[in-house]
1. For Ala92, are the conditions met, namely being free of Cβ contacts under 8 Å to residues at least 24 places away in the same chain and over 35 Å from the mean Cα position of the chain (by Cα)?
2. Looking only at residues that are of a type in the set (A, V, I, L, M, F, W, C) and loosely packed, with under 14 Cβ neighbours inside 10 Å in the range 13-41, which one is modelled with the highest pLDDT?
3. Which of the numbered conditions does Phe134 fail, given that it passes all the others? Conditions: (1) touching a residue at least 24 places away in the same chain (Cβ under 8 Å); (2) touching a helix residue (DSSP H, G or I) at 6+ places or on another chain (Cβ under 9 Å).
4. For the range 241-275, enumerate the residues that are touching a strand residue (DSSP E or B) at 6+ places or on another chain (Cβ under 8 Å), among the charged types (D, E, K, R) and surrounded by fewer than 16 Cβ atoms within 10 Å (Cβ to Cβ).
5. Would you check if Leu307 is within 16 Å of the ligand (Cβ to nearest atom) and under 17 Å from Glu109 (Cβ atoms)?
6. Quick test for you: out of Asp327, Asp318, pick the one residue that is in contact with a helix residue (DSSP H, G or I) (Cβ under 8 Å, 6 or more places away or on another chain), more than 19 Å from Leu220 (Cα to Cα) and more than 15 Å from the ligand (Cβ to nearest atom).
7. Can you name the number of the only condition in (1) more than 25 Å from His201 (Cβ to Cβ); (2) surrounded by 20 or more Cβ atoms within 10 Å (Cβ to Cβ); (3) basic (Lys, Arg) that Arg175 fails?
8. From the list Gly300, Gly279, Gly290, which one is of a type outside the set (A, V, I, L, M), under 22 Å from Thr107 (Cα atoms), within 16 Å of the ligand (Cβ to nearest atom) and surrounded by 16 or more Cβ atoms within 10 Å (Cβ to Cβ)?
Amino acid sequence: LKEEARSLIQAAHDPEKLKQLRVKYLGKKGELTGVLRGMKDLSPEERPVVGSLANEVRSQLEQWMEAKERQISEALLEERLKAEAVDVTLPAHPRPFGGIHPLSAITEEIEDIFIGMGFEVAEGPEVEWDSYNFEALNFPKEHPARDMQDSFYITSDILLRTHTSPVQVHAMEEREGQVPVKVICPGKVYRRDDDDATHSHQFAQVEGLVVDRGISMGELHGTLEAFAEKMFAMELETRLRPSYFPFTEPSVEMDISCVQCGGNGCGMCKHTGWIEILGAGMVHPRVLEGAGYDSERYTGFAFGMGLERIALLKYGIDDIRQFYTNDLKFLRQFQSL
Ligand code: PHE
């Protein structure tokens, strides 16, 4: 019996077969169990002999079965590992990589520069009340300055914001008269323009606002000059020219020496040596008061710039529509940003 069991166990190659053998020999009705049961018919002298022999065989069989069981499960594992093996040396299927859109890259860069100067980033709604877009910024109804900004109206008092300046008002209101206010507000703006190389009905601006005690034009100029030098990564000249915006007084526009020719005159600056990059000024007292700031105690400066214009200058792009038409050949040039 022992020899027969041994060769059968040896020959077993799957767990099912082994289970059957366990039943065959060691189960309730198994052959070895039968031998032990039959002991009652033996003489008292034979019993211990047969008993110990049977027990010996039993533990021997159990040992063999256990060993075999281990062998089988190892073999199965081996087989599975082989079947599931991945060949890591096979070449991968190339996947197209996305990239950061140049306008997003510019926005982040501008944010980083101003955050470095202690500004916070604020956002406001693109669908705006007329009262925030114009009224609170000192463009009264029927004010001719409204003609400066042809607008997309949704109702008679709701429109797509024409500039990011209304975020100034939201930012001041949120701070409830607390100083300092030091925010920049990037975002999309909309104007009724026919799209061409230099106009787009949707474009992006970054607004800046500082309100505190004793803020002067000097801070405005210094901040913007530091910004421009960081942005274009070069030393450059800046100049402020008088201008007009209803929400600033005095109002200026800032030019930088041409980033292309260094101010010597080239096609890019139309041979003037200067390029305009933003509008700015001292926040109009009426705007401060309207947003809950005492204009006797506090002054502030504000500025606003078109992001596309900054990107055009920085990357030497000649058509604003490139930013919105998603031509991959154009976009791929900025993949490393
Ligand atoms: N909002 C102005 C524009 O759209 C820019 C500006 C912002 C000017 C802040 C002065 C102060 O042209």
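1. no
2. Val23
3. Going through (1) touching a residue at least 24 places away in the same chain (Cβ under 8 Å); (2) touching a helix residue (DSSP H, G or I) at 6+ places or on another chain (Cβ under 9 Å) one by one, Phe134 breaks only (1).
4. Arg241, Glu249
5. The answer is yes for Leu307.
6. Asp318
7. Tallying (1) more than 25 Å from His201 (Cβ to Cβ); (2) surrounded by 20 or more Cβ atoms within 10 Å (Cβ to Cβ); (3) basic (Lys, Arg), Arg175 fails exactly one: (2).
8. Criteria check complete, one pass: Gly279.
The values are calculated or read from the model by the stated rules, or taken from the named source; none is laboratory data. Nothing here was measured: the structure is a model prediction, and the numbers come from that model. As a convention, Cβ positions derive from the backbone with ideal geometry for all residues, glycine included, and neighbour counts pool all protein chains shown.
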